[in-house]
1. D214: net charge of surrounding residues, Cβ under 13 Å, Lys/Arg +1, Asp/Glu -1, itself excluded?
2. In the range 178-230, with Lys and Arg counted as +1 and Asp and Glu as -1 at Cβ, which of these residues, V200, V182, L226, has the Cα nearest the positive end of the dipole, that is, farthest along it?
3. Would you mind calculating the gained length between V132 and L149 on full extension (0.36 nm times residue separation, minus the Cα-Cα distance), in nm to one decimal?
4. Want the number for K16 to E82: 0.36 nm per residue separation, take away the alpha-carbon distance, what's left?
5. For E111 and T206, compute 0.36 nm times the residue count separating them, minus their Cα-Cα distance, and round to one decimal in nm.
6. Compute the relative contact order of the range 110-218 as a whole-number percentage, counting only Cα pairs closer than 8 Å that sit 6 or more residues apart in sequence.
7. Among residues other than H17 whose Cβ falls under 15 Å from its Cβ, what is the net charge (Lys/Arg +1, Asp/Glu -1)?
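Every number in this text was worked out from the coordinates using simple rules, so none of it is lab data. As the structure is a prediction and not an experimental result, all values here were calculated from the model. Ideal geometry is used to build each Cβ from the backbone, glycine not excepted, and the neighbour counts take in all protein chains shown.
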Amino acid sequence: MRLRLIPDDTNIDFFKHAKLTFGASCVAVLLALAVWFTMGLNYGIDFRGGTTLRTQSDAAVDVAAYRTALDPLELGDVSISEVFDPASDSTKHVAMVRIQAQEGEEAASPEMIQNVEEALKTVAPNIVFTSVESVGPKVSGELIQTAFLAVAASLGAILIYIWLRFEWQFSVGAVAALFHDVVLTIGVFSALQIRFDLAVIAAILTIIGYSINDTVVIFDRLRENLRKYKKRDLREIMNLSVNETLSRTLMTSGTTLLALIALLVLGGDVIRGFVFAITWGVVVGTYSSVYVAKNVVLFLGVKRDWSKKDSNNTGQYANIDA
């Protein structure tokens, strides 16, 4: 017996409060932009610059103990992770300690490195530093620019893809929904001052891929129904298409959220920002696929028949019997 979360005869009117939902989305985007430009982002080491120290010891890497030992030094943003180094002895445990750039210093000072080493030796007495690398503010600035260009390029590529596969109205709706998801995600990170690093950029690109996949599924069903029901109202066909794909949407989003919530609770500090961004993105991405992308397409109108336009020049295409 197949599990059914949503009955086959579901007939929810997703456009009953279209002005309210779309208006709320526009207000949310404006608020997110305002928070972003006024409060800024809490950039991590990747974007702020800092020092990366590679350590090696006989004892297993205890991230929590390392962090506790470094807390009294008040070094700011510190990221600690265990890494696999094929070049090192297999009996050794290698860790990567990243420390944000200290105020007034271009590179890590010998005193700071010595203090870090002494602090970590309280946890692992035989720990040694195998390498020390510093990233200056110039390189960090270039990373910020490159990261945001990557997000913009992905939106542009999706715009072209949807335009070629469907119609230009669909591409505008899809990109509007993706822009909505990206801006709201950045706005939440800015408002809560959660660390924003390259892992979050990777999460945003993942959100874009997840959201566009959900949107394309509904668009495919909408295109099929537009050809099948040529005399039915566009809004009615959109509602039908969303209802027909609703079970798939909820099942995909629900199972994804179950895994993400488990990672959010149990995954630890290293991946928390990444997982939080994707969790938030799945929620807003599912919402925008229905209440943003479809509202934009409904406003612009879509091609119903390739032979005739209506005589009123409203931008809508005439409904022609099959």
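1. +1
2. Farthest towards the positive end: L226.
3. 3.2 nm
4. This chain segment gains 18.6 nm when fully extended.
5. 30.2 nm
6. 21
7. Residues close to H17 contribute a combined charge of +3.
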